[in-house]
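Data block below; observations after.
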Amino acid sequence: MPSAKRDTITALAGGVGASKLLLGLHDVMDPHDLTVIVNTGDDIVLHGLKISPDLDIVTYTLAGIVDEAKGWGFRGETFHALERLAAFGRINWFNLGDRDLATHIHRSAMLAEGKSLSDAAEAIRVALAVKTRILPMCDEPVPTMIDTAEGELHFQEYLVKRRAEPVVRGIRFDGADKVRPANGVLDAIRDADRIVVCPSNPLISIGPILAVPGIREALRARRETVVAVCPIVGGKSLKGPSDKMLAELGYEASAPGVAKLYADFSGTFVIDPTDKKQADRIRDLGIKVEVVPTVMATRAQKRKLAGSLLALKS
């Protein structure tokens, strides 16, 4: 008898919030059938090294080595090198662990040798024995710049150094109009049986991916197979400053507010039971609504949400 066809999933992801759902998907499906397109707007150069936070969070999580308490970095990490850098007068507001530094050195060396960010992401994935395909949204730098009441800041300066305290007036993805999707990105969207937008910040995690020319259009062409998971529950962020940023930029910090941002390319929107009363407002946007628990505090909850997504009918 022929084997049953396995569904393939392509996911759009930021960092910590997305990695929870990705781990659940990794657990409940064949990880080879999962492809992740990762935001690189958070990337920054520090100490002469190319840092790709979201790529690393996703890769470390699926490799089973992430610090689960923090959601980033290696479990049991030490920071001796960062302490020495600070002693030399270099910045230390961005935590780089000793083993984590090896990843950044390897990536930076590959880029200096003429390799692409995609090449580096693949080399790191293979070295860490991750079975899932991990693609950067593009190979060129597209830094997310935050216009604040205190001036323009790189996203990492806004989030990590300033702890998301400045009032946000605008967001800019520097150079996004001049880049193209990394090799395999558009194919992954076109060929997947289902596309999942992870519960990441819609403005600065999913937003940069959508800003890469061709990606939003590719999603629109697959709208009926795109399922977006809301990162807002009861008007509050599941992780990070999504609610604050939405409100400061004049958007509604709610499930319907996020659904409106995704309405042109997402056919199904997943909300937590907490927001069940908001379902009709989302349906009025022409989007199907699925109500399932989206809070993922435990491994079991991650698997349950992932299983629910796989069970949806297009």
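The values are calculated or read from the model by the stated rules, or taken from the named source; none is laboratory data. Nothing here was measured: the structure is a model prediction, and the numbers come from that model. Methodologically, a virtual Cβ is constructed for each residue, glycine included, from the backbone with ideal geometry; neighbour enumeration extends over all protein chains shown.
Overview of values
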quantity: Neighbours by Cβ (under 8 Å, 6+ apart or cross-chain): first from region 229-241, touching a residue at least 24 places away in the same chain (Cβ under 8 Å) and outside any strand (DSSP E or B); second small (Gly, Ala, Ser) and crowded, with 20+ Cβ neighbours inside 10 Å; calculated: Cys230/Ala255; Cys230/Ala259; Pro231/Gly17; Pro231/Ser200; Pro231/Ser242; Leu238/Gly17; Lys239/Gly17; Gly240/Gly17
quantity: Residues within region 84-108 that are outside any loop (DSSP other than H, G, I, E, B), touching a residue at least 24 places away in the same chain (Cβ under 8 Å) and not acidic (Asp, Glu), tallied; calculated: 8
quantity: Failed item in (1) modelled with pLDDT under 95; (2) over 27 Å from Lys239 (Cα atoms), with Ser116 passing the rest; calculated: (1)
quantity: Among residues of region 42-85, those that are under 17 Å from the mean Cα position of the chain (by Cα), within 23 Å of Pro208 (Cβ to Cβ) and of a type outside the set (A, V, I, L, M, F, W, C), counted; calculated: 12
quantity: Asn201 under 15 Å from Ile134 (Cβ atoms), of a type outside the set (D, E, K, R) and not in a helix (DSSP H, G or I); calculated: no
quantity: Exclusive hit being assigned to a strand (DSSP E or B), crowded, with 17+ Cβ neighbours inside 10 Å and under 15 Å from the mean Cα position of the chain (by Cα), set Ile195, Ile171, Ile146; calculated: Ile195
quantity: Restricting region 264-314 to residues that are charged (D, E, K, R) and part of a loop (DSSP other than H, G, I, E, B), the residue that is surrounded by the fewest Cβ atoms within 10 Å (Cβ to Cβ); calculated: Lys313
quantity: Count - residues of region 276-295 that are within 15 Å of Gly234 (Cα to Cα) and not polar (S, T, N, Q); calculated: 9
quantity: Checklist (1) loosely packed, with under 15 Cβ neighbours inside 10 Å; (2) in a helix (DSSP H, G or I) applied to Asp119, failing item; calculated: (1)
